[in-house]
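Asks: Quick one: structure below, then a few questions.
What follows is calculated from the coordinates using simple rules that are stated; it is not laboratory data. As the structure is a prediction and not an experimental result, all values here were calculated from the model. Heads up, the Cβs are rebuilt from the backbone with ideal geometry, glycines too, and the neighbour counts pull from every protein chain shown.
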Amino acid sequence: MYEAHFGLKTAPFSLAPDTEKFVSLQGHQECFDLLVYALSTGEGFIKVIGDVGTGKTILCRKLLRYLQNPSAEDSHSKSLSFQALYIPNPLLSPIGLLRALAHELDISLNDESASDMLLEQISAAMLKVARQQKSVVVIIDEAQALPEETLEALRLLTNLETENRKLVQVVLFAQPELDVILDQYKFRQLKQRITFNHYLNPLSMQSVEHYIEHRLIKAGYGGHKLFLKHATKKLFQYSKGVPRLINVLAHKAMLAAYSRGHSNITGSDVHLAWRDNQAEKNKPKSAKLWWVLVPSLLLSTSLLLAWLQWQQGLLL
């Protein structure tokens, strides 16, 4: 809508995890570098923890892209080769997890496949991958939602190994709730296998400014400073440095500036965006409740009238 007005080729603050718009901020780049190094060692679990909206999903997608073609991302990784098994939906039973992994490994399945048979087939497929000098990497997004019995099945899966190497590595992207789960005594073995950890923190004021400028450049912007200093400060204040909220507020602020014919985004535009966002957060609850209640009331009224008519018929 406002792209042509500001001289952009694409929307700069889309919520889609577009790896082309990945910003090499200190914390995110450190996390990616750690993931690459950890996978090169071929050992254990890797855990990335971040609160909602801090950039886990785009890091997950960037890692998947790297695993598909390491040399395109890192000229020093030409000798590395991986096969990524991506599990986007963690709400799986242990047998469901095995079936998902088997599907990713192109193993033919039938509805009666038992867990022992599946594990044997998965082990054989992973050995085949290892003979091709590849490393199998299981990547699980939103891992805090994994059922506890599935977490244990995941640990047992990492027992698969040859004499000199593990057959599988696991990368868990999760919210802080996963740490609470892993602190339980029954998960002490799994916790010991987590060899690398990284925690994603909200962005600093300086990083927010860099983030905005980078996203604008990637969207094709090449003009004067679009977000004025006060606007950037407001974005930092209202978003608390959370990238997803920065995207939402920056997009709405650009809409506000466009609607008023401004060529810059001011602090007032960001404040309007924040007010609109607060209104949206509060509105759906009452709106949804109203649309749930109205049909229910109409149905109840219809049933009551029908019952009264039936009663009158009995009296007659």
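Asks: What FRET efficiency do you get for Gln192 and Leu15 if R0 is 41 Å and r is their Cβ-Cβ distance, rounded to the nearest 0.05?
Replies: 0.65
Asks: Further, regarding this structure: Determine the gain in length on full extension of the stretch Ala4-Arg275; use 0.36 nm per residue of separation and subtract their C-alpha separation, reporting nm with one decimal. Intermediate results must be reported in sequence, preceding the final value.
Replies: On the way: separation 271, 0.36 × 271 = 97.56 nm, distance 2.54 nm.
My answer for the length gained is 95.0 nm.
Asks: Can you list residues whose amide H is under 5 Å from Thr195's amide H, if they're 5+ apart or on another chain and H is modeled 1.01 Å from N?
Replies: The answer is Phe45.
Asks: Going through the range 156-208, which trypsin sites (Lys or Arg not before Pro) have at most 16 other Cβ atoms within 10 Å and a DSSP loop state?
Replies: Of the trypsin sites (Lys or Arg not before Pro), the ones in loops of the range 156-208 whose Cβ has at most 16 other Cβ atoms within 10 Å are Arg165.
Asks: So, with +1 on the Cβ of K and R and -1 on the Cβ of D and E, and no other charges, what is the size of the charge dipole of the range 1-101 about its Cα centre, to the nearest 20 debye?
Replies: 260
Asks: So what is the relative contact order for the range 26-200, in percent, with contacts set as C-alpha pairs under 8 Å and at least six apart?
Replies: Over the range 26-200, the number comes to 36 percent.
Asks: Let's test the formula: R0 of 45 Å, r as the Cβ-Cβ distance of Tyr185 and Ser263. What FRET efficiency results, to the nearest 0.05?
Replies: Calculated transfer efficiency: 0.15.
Asks: Quote the charge dipole size of the range 26-200 about the Cα centre in Debye, to the nearest 20; the model charges only the Cβ of Lys and Arg (+1) and of Asp and Glu (-1). List each step's numbers first, then the result.
Replies: Working: 17 positive and 22 negative charges, 105 e Å.
That gives the range 26-200 a dipole magnitude of about 500 debye.
Asks: Starting at the first residue of the range 237-242, write each ³J(HN,Hα) from the Karplus equation 6.51 cos²θ - 1.76 cosθ + 1.60 with θ = phi - 60°, in whole Hz, x for Gly and Pro.
Replies: Each residue's phi maps through the Karplus curve to give 5, 7, 8, 6, x, 8 Hz.
Asks: Another question about this same structure. Given a cut-off of 28 Å, name the pairs among Lys56/Lys128; Lys218/Lys252; Lys218/Lys281; Lys9/Lys229 whose C-alpha atoms lie farther apart than that in the structure shown.
Replies: From the list (Lys56/Lys128; Lys218/Lys252; Lys218/Lys281; Lys9/Lys229), the Cα-Cα distance tops 28 Å for Lys56/Lys128; Lys218/Lys281.
Asks: Looking at the chain, what % of the alpha carbon pairs are farther apart than 33 Å?
Replies: 44
Asks: When the Karplus curve 6.51 cos²θ - 1.76 cosθ + 1.60 is applied with θ = phi - 60°, which whole-Hz ³J(HN,Hα) does each residue of the range 122-130 get, with x for Gly and Pro?
Replies: Coupling constants for the range 122-130: 5, 4, 5, 5, 5, 5, 4, 5, 5 Hz.
Asks: In straight Cα distance, which aspartates and glutamates are under 14 Å from Lys62, not counting same-chain residues fewer than 8 positions off?
Replies: Within reach: Asp18, Glu20, Glu30, Asp33, Glu73, Asp74, Asp141.
Asks: Sticking with this structure for a sec: Quick one: what are the phi-derived ³J(HN,Hα) couplings along the range 247-260, Karplus 6.51/-1.76/1.60 with θ = phi - 60°, whole Hz, x for glycine and proline?
Replies: Taking θ as phi minus 60°, the curve returns 4, 4, 5, 5, 4, 5, 5, 5, 4, 5, 5, 5, 5, 9 Hz for the range 247-260.
Asks: Checking the cross-link filter: which aspartates and glutamates have an alpha carbon closer than 16 Å to that of Lys225, excluding same-chain neighbours under 8 positions apart?
Replies: Counting by Cα, and skipping residues close in sequence, Lys225 has these aspartates and glutamates nearby: Glu3, Glu209, Glu213, Asp269.
Asks: What full-extension length gain, to one decimal in nm, is calculated for Asn282 and Glu148 as 0.36 nm per residue of separation minus the Cα-Cα distance?
Replies: 44.9 nm
Asks: What translational D, rounded to a whole number of µm²/s, comes out for the range 68-209 from Stokes-Einstein when the hydrodynamic radius is the Kirkwood one over Cα pairs, at 4 °C and 1.567 mPa s?
Replies: 77
Asks: Search the structure for amide H atoms under 5 Å from the amide H of Tyr221, placed 1.01 Å from N in the peptide plane, and list their residues when 5 or more places away or on another chain.
Replies: Amide H to amide H, under 5 Å and 5 or more residues apart or across chains, Tyr221 pairs with Lys9.
Asks: Under 8 Å for C-alpha pairs, at least 6 residues apart: give me the relative contact order for the chain, rounded to a whole percent. Intermediate values should be presented prior to the final figure.
Replies: Working: 408 pairs, mean separation 76.6, N = 316.
Computed over the chain, the figure is 24 percent.
Asks: Which Cα, out of Ile46, Leu154, Gln175, lies furthest along the positive dipole direction of the range 26-200 (beta carbon charges, K/R +1, D/E -1)?
Replies: Positive-most Cα among the choices belongs to Ile46.
Asks: Starting from the amide H of Ala84, placed 1.01 Å from N in the peptide plane, find each other amide H under 5 Å away whose residue is 5 or more places distant or on another chain.
Replies: Val137
Asks: Shifting gears a bit: Taking GluC sites (Glu not before Pro) as candidate sites, keep only those in a DSSP loop with at most 13 other Cβ atoms within 10 Å, then name the longest stretch of the chain containing none of them.
Replies: Numbers: sites that count: Glu112, Glu163.
With a cap of 13 other Cβ atoms within 10 Å, the longest stretch comes to 164-316.
Asks: Oh, and also: Rg and Dmax in Å for the range 134-198, alpha carbons only: what are they?
Replies: 11.9, 35
Asks: For the chain, with only Lys/Arg (+1) and Asp/Glu (-1) charged at the beta-carbon, what is the dipole magnitude about the Cα centre, in debye rounded to 20? Let's see the in-between values first.
Replies: Details: 34 positive and 30 negative charges, 248 e Å.
For the chain, the charge dipole is close to 1200 debye.
Asks: Leaving out same-chain residues fewer than 8 places away, which aspartates and glutamates sit with a Cα under 14 Å from that of Lys186?
Replies: Counting by Cα, and skipping residues close in sequence, Lys186 has these aspartates and glutamates nearby: Glu148, Glu149, Glu152.
Asks: Per DSSP H run of at least 4 residues, take -39500 (n - 2.57); add these up for the chain, divide by its residues and hand me the 222 nm value, nearest 500 deg cm²/dmol.
Replies: -18000 deg cm²/dmol
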